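Okay, structure first, notes after.
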Amino acid sequence: MNQENAISKPRTLTLTTEEKAELIELRDHAAKPYLRERASAILQVADGCSGRWVALHGLLRPRKPDTVYGWLDRYQDRGVDGLPIDEGAWS
């Protein structure tokens, strides 16, 4: 395996003006703290931070990088409707 294949590219996210405004509103005003945290993480990735950096340094408490990437997956699949905790789930 050559070195180029061993190094993965950073995950990126491009938001529309409306999506960014919706996430900022959620980050700043959501009643549930975990929704504010998830919105903040997504905004930081959209601003160019790696999901790993956000998980380890960009939130009030460190998270596993896979946790942040899971939030990104859910956001990309369902938008802000994917951010609340699914009933019966722990993520």
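Readers should treat all values here as calculations from the given coordinates under stated rules, not as data from a laboratory. Bear in mind that the values here come from a model prediction, so they are computed numbers and not experimental data. Counting neighbours? That spans all protein chains shown, and the Cβs are built from the backbone with ideal geometry, glycine included.
So here's what we get for this one:
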| read-out | value |
| --- | --- |
| Using a Förster distance of 25 Å, the FRET efficiency for LYS32-LYS64 (Cβ separation, nearest 0.05) | 0.80 |
| Positive minus negative residues near GLY51 (Lys, Arg vs Asp, Glu; Cβ under 14 Å) | +3 |
| Volume per residue that the Cα convex hull of region 16-80 spans, once the total is divided by residue count, Å³ | 75 |
| R0 of 41 Å, Cβ-Cβ distance GLU87-ARG11: FRET efficiency to nearest 0.05 | 0.90 |
| Span-like helix ranges in the chain, DSSP H, alpha carbon extent 30 angstrom or more, Kyte mean at least 1.0 | none |
